[in-house]
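The values are calculated or read from the model by the stated rules, or taken from the named source; none is laboratory data. Please read all numbers here as calculations on a predicted model, not as lab measurements. Using ideal geometry, Cβ is built from the backbone for each residue, glycine included, and neighbour counts are taken over all protein chains shown.
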Amino acid sequence: MAKPKVAFFDFTCCEGCQIEFTNYGDPVFLELLKHVDVVEFREAMSEKCREPLDIAFIEGSFSREADRPRLEEIRRRAKVVIAYGQCAATAGINALKNHTSDYRKFVYGKDAALPHLDSQIAVGVDQAIKVDYYAYGCPVNKYEVLQIVSHLLHGKDPVIPNYPVCVECKRRETICRFDVGDYCLGQTARAGCGAPCPADGIPCEACRGFVDKPNHEALVKVLDKRAGMPKGWARHKTRMFTANQRGDVK
Ligand code: SF4
Ligand code: SF4
Ligand code: SF4
């Protein structure tokens with residue numbers, strides 16, 4: 001039986017989520033290749049595919065209207081579309097630019113008005129096309145991606161966590177960052193990564209976005225208790241990866 005055809009496509013992003021899967025000899029990628037036929041993947045091969053697809057992984061945010069036809073063409077060809085990484089899911093760190101209307105001027109200076117540099121605020125690809133599933137993270141968790149593919153190949157709905165990182169942190173018995181005078185966004189951040197950052201002694205920055213219906217204001221209040229930080233720090237912190245989820249972009 002032919003293997004399912006899978007392709008990776010990139011839009012506005014750093015392509016770090018593709019690289020996450022292509023570290024030389026990565027056993028997780030080799031495992032994936034046993035079960036699927038990767039027919040397009042810019043970081044690893046030059047071939048292009050115009051055939052129907054079983055799974056399309058879309059990396060990067062939707063930040064240019066000019067990208068809409070390509071997104072729609074991928075959607076038409078693919079049975080399943082997965083937003084691959086936080087840029088594709090919610091625009092992730094790309095949405096930092098959404099905090100200001102002057103982003104083109106900051107980045108391109110005197111060239112800001114050139115037509116080929118035109119862009120809009122960054123949003124998830126589901127603002128342009130229907131997305132079936134989301135692989136969160138900046139970058140993605142490759143073990144979770146493998147699990148999503150495995151579920152799909154077995155005809156099951158992938159299970160995407162909708163509980164906070166604190167749950168995973170407690171499971172591995174990590175000392176809470178707040179207990180050592182630090183801060184952390186894990187209370188409202190979406191789990192699924194296994195809470196590696198607090199385990200390494202650094203705060204969770206919610207790189208997988210927030211859970212559905214997070215209590216932003218409670219999070220800001222907790223962060224505001226941290227001594228020595230400038231006014232407005234807590235509010236800025238809570239929208240670093242999550243500008244679009246806070247709903248207060250310009
Ligand atoms: S989610 Fe992060 S690692 Fe992945 S493409 Fe976007 S910026 Fe890069
Ligand atoms: S370190 Fe962060 S993720 Fe872990 S329990 Fe504390 S607040 Fe939650
Ligand atoms: S602990 Fe937080 S910042 Fe670290 S990988 Fe998980 S969601 Fe991202």
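The condition of being surrounded by 20 or more Cβ atoms within 10 Å (Cβ to Cβ) and within 11 Å of ligand 2 (Cβ to nearest atom) holds for only one of LEU152, LEU219, that being LEU219. All of PRO230, PRO198, PRO203 fail the test of being away from ligand 1 (no atom under 16 Å from the Cβ), crowded, with 19+ Cβ neighbours inside 10 Å and outside the structural domain of SER61 (by TED's automatic domain parsing), apart from PRO198.
Taking first residues from segment 10-29 that are in the same structural domain as CYS138 (by TED's automatic domain parsing) and partners that are within 16 Å of ligand 2 (Cβ to nearest atom) and of a type outside the set (Asp, Glu), the Cβ contacts under 8 Å between residues at least 6 apart in sequence or on separate chains come to CYS17/GLY137. Considering (1) of a type in the set (S, T, N, Q); (2) touching a residue at least 40 places away in the same chain (Cβ under 8 Å); (3) not assigned by TED's automatic domain parsing to the domain that holds ASP37, the lone condition that THR174 does not fulfil carries the number (2).
Look at segment 183-195: where a residue is among the basic types (Lys, Arg) and a partner is more than 7 Å from ligand 3 (Cβ to nearest atom) and assigned to a loop (DSSP other than H, G, I, E, B), sitting 6+ places away or on another chain with Cβ atoms under 6 Å, you get ARG190/TYR136; ARG190/GLY209; ARG190/VAL211. For segment 204-225, a residue qualifies if it is over 17 Å from GLY92 (Cβ atoms), in contact (Cβ under 8 Å) with a residue 12 or more places away in the chain and not in a helix (DSSP H, G or I), and exactly one does: ASN215. Residues in segment 127-149 that are in a loop (DSSP other than H, G, I, E, B) and of a type in the set (A, V, I, L, M, F, W, C): ALA128, ILE129, VAL131, CYS138.
Here SER119 passes the criteria (1) outside any helix (DSSP H, G or I); (2) exposed (fewer than 12 other Cβ atoms within 10 Å of the Cβ); (3) not β-branched (Val, Ile, Thr) except the one numbered (2).
Residues in segment 226-249 that are within 21 Å of the chain's Cα centre (by Cα) and part of a loop (DSSP other than H, G, I, E, B) were compared, and the one that is farthest from ligand 2 (Cβ to nearest atom) is VAL249.
Out of VAL149, VAL140, VAL107, VAL123, report the one residue that is over 16 Å from the mean Cα position of the chain (by Cα), more than 20 Å from LYS79 (Cβ to Cβ) and among the β-branched types (Val, Ile, Thr). Talk me through it step by step, then tell me what you get.
Details: VAL149 fails: more than 20 Å from LYS79 (Cβ to Cβ); VAL140 fails: over 16 Å from the mean Cα position of the chain (by Cα); VAL123 fails: over 16 Å from the mean Cα position of the chain (by Cα).
Result: VAL107 is the single residue among VAL149, VAL140, VAL107, VAL123 that is over 16 Å from the mean Cα position of the chain (by Cα), more than 20 Å from LYS79 (Cβ to Cβ) and among the β-branched types (Val, Ile, Thr).
Those residues that are of a type in the set (Val, Ile, Thr), more than 16 Å from ligand 3 (Cβ to nearest atom) and touching a Gly at 6+ places or on another chain (Cβ under 9 Å), I need them from segment 108-152; list them, please.
To start, the set of residues in segment 108-152 that are of a type in the set (Val, Ile, Thr) comprises 121, 123, 125, 129, 131, 140, 145, 148-149.
Now narrow it down to the ones that are more than 16 Å from ligand 3 (Cβ to nearest atom): 121, 123, 125, 129, 131, 148-149.
Within segment 108-152, VAL125, VAL131 qualify.
Taking segment 1-49 as the range and being out of contact with any Ser or Thr (no Cβ under 8 Å at 6 or more places or on another chain), of a type in the set (Ser, Thr, Tyr) and either closer than 16 Å to ALA83 by Cα or within 16 Å of ligand 1 (Cβ to nearest atom) (or both) as the test, only THR22 passes.
Can you pull out every residue in segment 39-61 that is of a type in the set (A, V, I, L, M) and at pLDDT 95 or above? I'd like the intermediate steps shown before the answer.
Going residue by residue through segment 39-61, those that are of a type in the set (A, V, I, L, M) are 39, 44-45, 53, 55-56, 58.
Once the filter is applied, which keeps residues that are of a type in the set (A, V, I, L, M) and at pLDDT 95 or above, segment 39-61 yields VAL39, LEU53, ILE55, ALA56, ILE58.
Every condition in (1) touching a Lys or Arg at 6+ places or on another chain (Cβ under 9 Å); (2) crowded, with 18+ Cβ neighbours inside 10 Å; (3) over 30 Å from VAL39 (Cα atoms) is met by CYS166 except one, and the failing one is (1).
Taking segment 150-191, which residues are part of a loop (DSSP other than H, G, I, E, B) and either of a type in the set (D, E, K, R) or under 19 Å from MET240 (Cα atoms) (or both)? Scanning segment 150-191 gives LYS156, ASP157, ARG172, GLU173, ASP182, TYR183, CYS184, LEU185, GLY186, GLN187, THR188, ALA191.
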